[in-house]
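Read the structure below first, then the notes.
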Amino acid sequence: MNITINGTSRIVNAGPLTPLLHVLREELDVLSPKAGCQQGGCGTCTVLVNGEPRRSCLLPIAAVEGAEVRTVEGLASGGKLTPVQEAWIHHYAAQCGFCTSGFLMAATAYLEKGGSDDHAEIAAALGGHVCRCTGYVKIYDAVAAAARGESFDLATTAAGSRTTIRGVEL
Amino acid sequence: MEDPAVLIPTSVAEAIESFGAGGDIAIIGGGTILVPEIRLGHARPSRALMLHGAGLAGISREGTRTTIGAMTPLSALSSLGEPIAAAVSNIADLEIRGQGTVGGNLCAQNTDAPRGDLQGVLIALGATVRSVGAGGERSEPAETFLPGRADRLVLDVSFDAPAAGAYAYLDRAHTHEYTALAVTAVRTADGTIRLGANGAGPHGLRLPSAEAAAADPSAAGVAALADVQLFDDAIASAWYREKTLPVLVRRALEQLKETA
Amino acid sequence: MKAVGARLPRYDATEHVTSGTRYVDDVRIPGTLWAKALRSPHDNAEILSIDTSKAEAMAGVHAVVTFKDVHKNVHGHIEGLGIPGDEPLLAETHVRYKGQPIAAVAADSEALAQRATEAIEVTYKVLPALFDVRKAFDADAPQAHHWGNWYPHFEGEMDRRQIRKGDIEQAFADADVIVQGTYRPAAIEHVPLETQVCQVVPEAGGRFVVYSATQAMYFSMGVVAAHLNWPLNKLKFVGGTTGGGFGGKVDTATETITTLLAIKSHRPVRWRWTRAEEFLFSSTRAAWHMEIADAVTKDGWILGRKMLTLHDAGAFARFSPYGVTKHAFHHTGAYTIPNLEFNGFVVYTNRTPSTAMRGFGVTSVSFATETHLERIAQTLGMDPLEVRMKNATRIGDTSPNGIPYTDPSTVPVMQALSGAVGIELPAHYRTMTSAIRSGEDLPGHLVAQLGNPEDH
Ligand SMILES: Cc1cc2nc3c(=O)[nH]c(=O)nc-3n(C[C@H](O)[C@H](O)[C@H](O)COP(=O)(O)OP(=O)(O)OC[C@H]3O[C@@H](n4cnc5c(N)ncnc54)[C@H](O)[C@@H]3O)c2cc1C
Ligand code: FES
Ligand code: FES
């Protein structure tokens, strides 16, 4: 069986029911997606499958045969980070970093579809992802800043902002 | 250690043949429930039937009748109007909705948490479920299909466009949380009011006593308690469900009135 | 000073966003086996027999370990602080909480390791279990622990952490009102997104490399070495990259058992807990039961506090005696109460052992104290901020355990906070400082206890 990962076609030997996450991490050594829960509940394993964010721990490999899979390994090219990666650094949106890969891929899909800097929309797009360190505000700030097309000074971090969720200012 | 034998049919006919009369065979729709259960060893089927290539996805319309293929992802349902749109946007998050299917939602076993949110919605819509299995093909109302769903292969569900629909649910802080309790109210084209509930029994249930009292939303809410089998789970206690069911019935009916 | 006040980026941010960060589960060593544990299905039971022969005979199973493989099976996490050990690494004759490890397996795949644990046969005599700290002291309570239902080894073999300060009976006799309250924060799971995980790799020279997600590297290294009775130089710990811990990764949860499996199989071994294991069996923040009675004057001075704390340690002590000690030292919060009678017990139950979490032992009592101050204010019909300012810790006050405060921050913090939330303090409190109290602020009977010694 074949899948394309970050533009490179790879042969997979795992059985048809093996979750894509397991194939990526254990067979192909693509390590950015993490095994946070392996039951769909946390979002650390999210990758893009034909451009759509998907939990790789829930996807049987046979169901994505021939698909284009994108992971964090495929974001930066030639040492140049994507705006959302830069936004993450500048806005201090990662602490332990374990959730970061999943969030970045979900945010990448959101921005590629023209997502706005509206916090409620961002929250809906990232709603499947858990972060235990940051408290989310800096993550929303990062995605919003990337959506506005800001450029980022990586030698410093942005001042924090306030955000509103479900009408409540945090 | 034996991995299950995996069948990957490439047509509806092949899927029906592979399923045969069912038995020890796990149907994999989107896999959002079953894949982790198999991986963790909670389910150890000897055979698995993967439907992703069987041609069971898609929504079609004929007159007022809408038919949804079993493999249609939940995300495709958001354009179907109320009450389906509201119910679907409350299921999990956008990634799971892109993968989870209508068939999987209808057939979800609510063992540790209510996780077939469309069941009560389809009951309220008076939907017909077309399935195969022992005894061949069968078309039946969702509420009669649900109790025996374990050994059937669902092909599609269909319903007539309602005049109006409303969905009331216990809102929770995070998008992932399963819905503890939800009530769907539908006014059919001929003006009949139908009510379905989720999280109030082993699967979605119809609320006939509440329907009979529907003219008075508050009375209907109290009447609904006669139609359900409330339970405790990690998400909510039976006590809490008992207190909130009448409220949700009332809200769904009031919402329905507003969309007169 | 280049760093203080500057907005520096994280040193590891670029690695995080490019997946350059290597967590323990990302270490790739060819030939690594998977570990799984057989865990107790019972809350409290005697173990009558353990038979691992079927698991050992399975093809692809390379090691099965039980208590018999551990040189020093019972080793206390903080024996170094004088707190004796009570918890077996692998259960021998008794299981005291659901999920307690009894045996562990290393096998070619995760699924095979799981099946091998299921092939281990254990027979039990199930005993009644204790879940409620309030019932632990009843004569007919089930016995949760071999030392009894509460930890008996505080200094001097005392069965509690106790504090006596001032003259508590006089304070209660002088009080206008006694305000009582009970506070019971529940256990909390840390839920780091990276579950407990470790990999152990044997080196050719006989040393073992332990890739650990621990929050306490050298401490964990000492724990592993003590169980094995090895010198530290036979272990090389690699750590410092943790996918969230919040206190839940100070227990040495995986390292020792994984090392035992690597020793026995002569192979690299990885042990990664499932999310369900993390929720059910990794240690939690403790549940607490706190009863407070405060002797209060009608103008809001707290003359004395009697407090009883029952700390739910779960099945074993781990760090609980230390947590209760911190709790005791902080049991008046950011306020000074001159007369105290505190009794804190580390109570054993048949629940998952508890551990540190963000402010170990102190968050519970902060919650209780702050809520209790609201209750006092309500009882007296006073502004809760005024009650706080009045009793705020000042320079020269002493902590419950007698340490003089040299730079307490209660007063300036309260002033800043009330400004931030738009509450205007009375002028007197706006200009108040942390300076040592002068006699005029105090009711007569407190001057001797809280006033400036030079004033009288
Ligand atoms: C994080 C998370 C949050 C979730 N939140 C919700 C929620 O809020 N509400 C909710 O309702 N659900 C929720 N779910 C559950 C699940 O995603 C949905 O119910 C989904 O619709 C299931 O569909 P599936 O195709 O993925 O199911 P699968 O895992 O493929 O199957 C589920 C069950 O249905 C059977 N089945 C599948 N297709 C058919 C068919 N065509 N015929 C007969 N049987 C079939 C399977 O054999 C299995 O028993 C959540 C899941 C996750 C992981
Ligand atoms: S690992 Fe896939 S959602 Fe948690
Ligand atoms: S940064 Fe640690 S979980 Fe998000």
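When only alpha carbons are used to place a centre, segment A:21-43 and segment B:149-194 end up 33 Å from one another.
Per-residue surface analysis assigns B:Ser89 an accessible area of about 70 Å², computed on protein heavy atoms at 1.4 Å probe radius. If you take every residue apart from C:Tyr211 with its C-beta less than 10 Å away from the C-beta of C:Tyr211, what net charge results, scoring Lys and Arg +1 and Asp and Glu -1? It works out to a net charge of 0. Using the alpha-carbon centroid of each, what span in Å lies between segment C:65-102 and segment B:15-39? So the two Cα centres are separated by 43 Å.
With the cut-off at 1.5 for a/c, could you classify segment B:1-107 from its C-alpha gyration tensor as rounded, prolate or oblate? Don't skip to the answer; put the middle values down first.
Details: a/c = 2.85, a/b = 1.49, b/c = 1.91.
Oblate is the answer for segment B:1-107, as a/c is 1.5 or above yet b/c matches or exceeds a/b.
In segment B:36-62, burial by the other protein chains removes 20 Å² or more of accessible area from B:Pro36, B:Arg39, B:Leu40, B:Arg44, B:Met50, B:His52, compared with the chain on its own (1.4 Å probe, ligands and nucleic acids ignored).
Sum -39500 (n - 2.57) across every DSSP H segment of at least 4 residues in chain B, then divide by the residue count to get the 222 nm mean residue ellipticity, nearest 500.
That calculation yields -8000 deg cm²/dmol at 222 nm.
Per atom type, segment B:164-258 shows carbon and sulfur on 54% of its accessible surface, probed at 1.4 Å. Using the Cβ of C:Ala356 as centre and a radius below 10 Å, the other residues enclosed give a net charge of +4, where K and R count +1 and D and E count -1. Among the chymotrypsin sites (Phe, Trp or Tyr not before Pro) in segment C:212-269, none sits in a DSSP loop with a Cβ that has at most 11 other Cβ atoms within 10 Å.
Computed with a 1.4 Å probe over protein heavy atoms only, the accessible area of B:Thr10 comes to about 110 Å².
Accessible surface area normalised per residue over the protein assembly as shown is 40 Å², counting heavy atoms of protein chains with a 1.4 Å rolling probe. Sites counted here are trypsin sites (Lys or Arg not before Pro) in a DSSP loop (not H, G, I, E or B) having no more than 14 other Cβ atoms within 10 Å; the longest part of chain C that contains none of them is C:73-206. When chain A is treated as a Gaussian network with alpha carbon springs shorter than 10 Å, the biggest mean-square fluctuation among A:Ala142, A:Ala159, A:Ala125 belongs to A:Ala159. In chain C, excluding the sites themselves, the longest stretch lacking any of the GluC sites (Glu not before Pro) that are in a DSSP loop with at most 12 other Cβ atoms within 10 Å is C:204-423. Mean separation of Cα pairs under 8 Å and 6 or more residues apart, divided by the residue count, gives chain C a relative contact order of 17 percent. Placing +1 on each Lys and Arg Cβ and -1 on each Asp and Glu Cβ, with no other charges, gives chain B a dipole about its Cα centre of roughly 240 debye. Based on the alpha-carbon gyration tensor of segment A:2-74 and its eigenvalue square roots a ≥ b ≥ c, which shape applies: rounded if a/c is under 1.5, prolate if not and a/b is larger than b/c, or oblate? It is rounded, given that a/c, with a ≥ b ≥ c, falls under 1.5.
Of the DSSP H helices in chain C, those that are both long (alpha-carbon extent of 24 Å or more along the helix axis) and hydrophobic (Kyte-Doolittle mean at least 0.0) are C:362-380. Build a GNM of chain B with springs between Cα atoms under 10 Å apart, and of B:Gly199, B:Gly100, B:Gly53 the one that fluctuates most is B:Gly53. Roughly to the nearest percent, how much of the accessible area of segment A:83-169 is carbon and sulfur, given a 1.4 Å probe? Carbon with sulfur: 50 percent of the solvent-accessible area.
Tell me whether chain C comes out rounded, prolate or oblate; compute the Cα gyration tensor, take square roots of the eigenvalues as a ≥ b ≥ c, and use a/c under 1.5 as the rounded threshold. Prolate, because a/c is 1.5 or more and a/b exceeds b/c. Over all Cα atoms in segment B:164-258, the spread is summed up by Rg and Dmax: 12.6, 40 Å. Compared with its chain on its own, segment B:67-105 contains the following residues whose accessible area drops by 20 Å² or more in the full protein assembly (probe 1.4 Å; ligands, DNA and RNA excluded): B:Asp93, B:Leu94, B:Glu95, B:Ile96, B:Gly98, B:Gln99. With 0.36 nm allotted per residue and the present C-alpha distance subtracted, the C:Leu232-C:Ala435 stretch has 68.1 nm of extension available.
Sparsely packed loop sites in segment B:1-81 (the GluC sites (Glu not before Pro) outside DSSP H, G, I, E and B with at most 13 other Cβ atoms within 10 Å) comprise B:Glu2.
Relative contact order for chain A using alpha-carbon pairs under 8 Å, separation at least 6, rounded to a whole percent?
22 percent
Dipole of the protein assembly as shown computed with +1 at Lys/Arg Cβ and -1 at Asp/Glu Cβ about the Cα centre; of B:Ile59, C:Thr214, A:Ala159, farthest Cα towards the positive end is C:Thr214.
Taking every protein chain into account, the 1.4 Å probe leaves C:Asp176 with about 90 Å² of accessible area, to the nearest ten.
Spread over its residues, the convex hull of the C-alpha atoms of segment B:94-177 is 116 Å³ per residue. About the centre of its Cα atoms, chain C shows a dipole size close to 1380 debye [charges on the beta carbon of Lys, Arg (+1) and Asp, Glu (-1) only; nearest 20 debye]. Of the chymotrypsin sites (Phe, Trp or Tyr not before Pro) found in segment C:1-38, those that fall in a DSSP loop while having at most 14 other beta-carbon atoms within 10 Å are C:Tyr11. In this assembly, the C-A interface accounts for approximately 2800 Å² of buried accessible surface in total, computed with a 1.4 Å probe and without ligands, DNA or RNA. In chain C, taking the dipole from charged Cβ atoms about the Cα centre, the farthest positive-side position among C:Asn339, C:His289, C:Gln100 is held by C:Gln100.
A Cβ-based charge dipole, computed about the Cα centre of the protein assembly as shown with Lys and Arg at +1 and Asp and Glu at -1, lands at about 1060 debye.
Charged neighbours of C:Asp132, selected by a Cβ distance under 15 Å, balance to -1 (K, R count +1; D, E count -1). Relative to one another, the C-alpha centroids of segment C:303-352 and segment A:66-128 are positioned 44 Å apart. Between C:Leu235, C:Ala276, C:Gly76, the Cα set farthest toward the positive side of the dipole of chain C (charges on each charged residue's Cβ, about the Cα centre) is that of C:Leu235. With contacts taken as Cα pairs under 8 Å and at least 6 residues apart, segment A:2-74 reaches a relative contact order of 40 percent.
What order do B:Glu254, B:Glu211 take when sorted by accessible area (1.4 Å probe), most exposed first? Write out the running numbers ahead of the final one.
Details: B:Glu254 70, B:Glu211 30 Å².
Output order, biggest surface exposure first: B:Glu254, B:Glu211.
The values are calculated or read from the model by the stated rules, or taken from the named source; none is laboratory data. All figures in this text were calculated on a predicted structure; none of them were measured in a lab. Every residue, glycine as well, gets a Cβ built from its backbone with ideal geometry; the counts of neighbours run over all protein chains shown. Please note that ligands, DNA and RNA were not included when accessible areas were found on the heavy atoms of the full protein model with its side chains. Shrake-Rupley method; radii C 1.70, N 1.55, O 1.52, S 1.80 Å.
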